[in-house]
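I have placed the structure first, in the form of structure tokens, so that the comments after it can refer back to it.
The values are calculated or read from the model by the stated rules, or taken from the named source; none is laboratory data. Note that the coordinates shown come from a computational prediction; the quantities given were computed from them, not determined experimentally. Note that we place each Cβ from the backbone using ideal geometry, even for glycine, and neighbour counts take in every protein chain shown. Surface accessibility is based on the protein's heavy atoms, side chains included, excluding ligands, DNA and RNA. Shrake-Rupley method; radii C 1.70, N 1.55, O 1.52, S 1.80 Å.
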Amino acid sequence: MQLPETLEGWLGLLEARHGQAIQLGLERVRQVRDALNLPQACPVFTIGGTNGKGSTCALLESVLLAAGYRVGLYTSPHLLRYNERVRIDGLEVEDKVLVDAFAEVERARGETPLTYFEHGTLAAWVAFCRAGLDAIILEVGLGGRLDAVNVFEPDCAIVTSVALDHMEFLGNDRETIGFEKAGIFRAGKPAICSDPMPPASLLAHAEAIGAKLLVSGRDFGFAGDQQQWAFWLAGGSRRGGLAYPALRGTNQLLNASAVMAACESVREILPVPMQAIREGFMLVDLPGRFQVLPGRPSVILDVAHNPQAAGVLNENLASMGFFPETWAVIGMLADKDVPGVIRLLRDRVDHWLVATLPGPRGLGAEHLAGILREVGVSVDITEFASPGAAYKAARGQAAEGDRIVVFGSFLTVADVLAVAGASK
């Protein structure tokens with residue numbers, strides 16, 4: 001068949017080809033990986049977890065770039081452009097790189113079916129192997145043990161947190177989910193867990209396979225005041241006088257300390273000087289994670305879409321100081337714990353602007369408004385056809401000293417980012 005010549009054409013083909021968006025399992029991806037015959041030529045970091053994956057990836061990328069290494073980063077989902085998923089040397093790859101990589105995977109797969117995510121994961125690997133990199137960072141899409149990125153062998157694996165999400169695929173409790181997350185660990189290789197209370201299943205799996213497990217609060221950790229913080233490693237050195245990462249939020253020290261533990265664990269194959277860590281933390285940038293837009297009223301964008309992330313968002317909002325009123329723009333997917341998210345933030349919000357999200361998983365504004373009322377929200381609730389429309393209304397009604405917080409889904413933040421960018 002005639003292969004697409006544009007990125008848009010490829011994405012359309014992959015979306016249309018495979019009706020099931022998520023299909024866990026490694027056998028098909030492994031077959032195509034082997035057919036590509038692109039050996040692993042540099043250290044690989046695999047990063048999984050319920051929340052904090054994106055921030056940890058961004059922090060690690062920034063640190064390695066500051067150390068002078070050529071770095072590839074694969075993440076998902078994207079906010080505005082597919083190219084966000086594949087970065088080389090801190091920059092989104094160009095369309096042609098992706099088009100060529102998609103085509104190479106297509107030729108290698110033969111009759112083996114691949115999902116949209118699996119094809120994209122292998123295409124990212126092709127792009128990285130062709131670029132001659134010093135390090136590769138792979139973010140797990142869902143779970144870990146059966147996620148497509150797990151066909152590649154990490155020199156260091158990080159699990160950021162274990163909470164209840166994607167339960168229809170991963171299980172209904174932290175123990176079951178923890179085992180799935182721990183599937184990215186490898187025998188004899190560093191395994192970092194930045195969840196200070198990991199489930200027993202994660203600890204047991206790491207021990208059973210002989211991974212070199214480091215757990216936050218037990219084997220490494222941090223302490224700090226309002227000006228600076230310090231990192232410690234059991235049996236190792238203590239690094240003090242560190243500036244807070246440029247990423248906002250009370251949880252970022254969990255992510256930053258995990259990155260420092262990871263760097264320490266691979267220092268023999270990928271040494272990172274302390275100055276690169278300091279510089280990387282200061283320069284890191286990641287849209288949609290407690291991102292505060294310039295100007296007034298204050299606008300906060302956060303992709304929080306499960307109760308654990310909503311709890312962190314609530315803490316971060318509490319630490320911002322006084323605002324006369326808070327306007328919430330929210331859109332969520334139907335398969336999320338919507339009541340759990342709302343309960344954690346309902347006392348923080350004065351006005352709810354609820355939006356319909358597109359697609360079969362998107363929750364309608366009317367349904368979402370009903371859930372808000374069911375969990376005890378009694379303040380102003382207004383329904384909108386899209387997050388962008390809700391955001392425009394919030395901008396029109398909020399006073400200069402108020403704040404607008406946008407959350408609930410990557411789709412929600414993406415739509416608002418598009419509107420906010422168009423209004424500049």
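FRET efficiency for the Asp380 to Thr112 pair, using the beta carbon distance and R₀ = 41 Å, is estimated at 0.20. Label-to-label distance for Asn83 and Glu15 is 1.8 nm, based on points extended 7 Å past Cα in the beta-carbon direction.
Kirkwood radius, the range 133-213, all distinct C-alpha pairs, inverse of mean reciprocal distance: 12.6 Å.
Evaluating kT/(6 pi eta Rh) at 4 °C and 1.567 mPa s, with the Kirkwood radius of the range 1-103 over Cα pairs in the Stokes-Einstein relation, gives 82 µm² s⁻¹. The modelled label-to-label distance for the pair Arg130/Val292, using points 7 Å beyond Cα in the direction of Cβ, is 4.2 nm.
Per-residue packing, averaged as other Cβ atoms within 10 Å, sorts the ranges 35-42, 324-331, 147-154 into the order 324-331, 147-154, 35-42, beginning with the highest. With the highest mean first, a sort of the peptides 176-184, 256-264 on other beta-carbon atoms found within 10 angstrom per residue produces 256-264, 176-184. One way to sum up the overall shape of the range 271-424 is the equivalent ellipsoid from its Cα gyration tensor, whose semi-axes run 26, 18, 16 Å, largest first. Using the Cβ-Cβ distance between Asp225 and Arg348 with R0 set to 22 Å, the FRET efficiency works out to roughly 0.30.
Surface exposure of the range 176-260, expressed per residue as accessible area with a 1.4 Å probe, stands at 43 Å².
Mind jotting down the distance between the C-alpha centroids of the range 157-228 and the range 277-331, whole Å? With the range 277-331 and the range 157-228 each reduced to a Cα centre, they are spaced 25 Å. Taking every Cα-Cα distance in the range 131-176 and sorting them into 5 Å bins from zero, the calculated P(r) comes out as 5, 17, 27, 22, 15, 8, 3, 3, 0 percent.
Working ranking of peptides 67-74, 379-386, 274-281 by packing, defined as the average number of other Cβ atoms within 10 Å per residue, highest first, is 67-74, 274-281, 379-386.
Bridge orientation summary for the range 222-372: considering DSSP beta bridges with both residues in this region, about 70 percent are antiparallel. In the range 307-353, the alpha-carbon atoms span a convex hull of 67 Å³ per residue.
With 0.36 nm allotted per residue and the present C-alpha distance subtracted, the Phe322-Met282 stretch has 11.8 nm of extension available. Along its three principal directions, the equivalent ellipsoid of the range 76-159 from the Cα gyration tensor extends over semi-axes of 18, 17, 13 Å, largest first.
Legend: calculated FRET efficiency, Gln397 to Glu268, from the Cβ-Cβ distance at R0 = 41 Å, rounded to 0.05, equals 0.10. The eigenvalues of the Cα gyration tensor, multiplied by 5 and square-rooted, give the range 172-231 an equivalent ellipsoid with semi-axes of 25, 14, 8 Å from largest to smallest. For the range 326-382, the Stokes-Einstein estimate of translational diffusion at 37 °C and a viscosity of 0.692 mPa s comes to 294 µm²/s, using the Kirkwood hydrodynamic radius over alpha-carbon pairs.
Each principal axis of the Cα atoms in the range 357-412 has its own extent, and those three values, largest first, are 36, 25, 16 angstrom. If every alpha-carbon in the range 222-305 counts as one equal scatterer, what log10 I(q)/I(0) does Debye give at q = 0.19 1/Å? Each listed q maps to, in turn, -0.90. When the accessible area of the range 10-100 is split by element with a 1.4 Å probe, what percent falls to carbon and sulfur? In the range 10-100, the share of accessible area belonging to carbon and sulfur is 50 percent. Roughly what % of DSSP beta bridges within the chain run antiparallel, to the nearest 5? Taking every DSSP beta bridge with both residues in the chain, the antiparallel ones total about 30 percent. For a straight C-alpha distance cut-off of 27 angstrom, the lysines reachable from Lys212 (same-chain residues fewer than eight places away being disregarded) are Lys53, Lys181, Lys189. Among the protein heavy atoms of the range 369-416, carbon and sulfur supply 48% of the accessible surface, probe 1.4 Å, non-protein parts ignored.
Taking 1.306 mPa s as the viscosity and 10 °C as the temperature, the Stokes-Einstein diffusion coefficient of the chain based on its alpha-carbon Kirkwood radius rounds to 71 µm²/s. Each Lys and Arg contributes +1 and each Asp and Glu -1, all at the Cβ; summed about the Cα centre of the chain, the dipole is approximately 580 debye.
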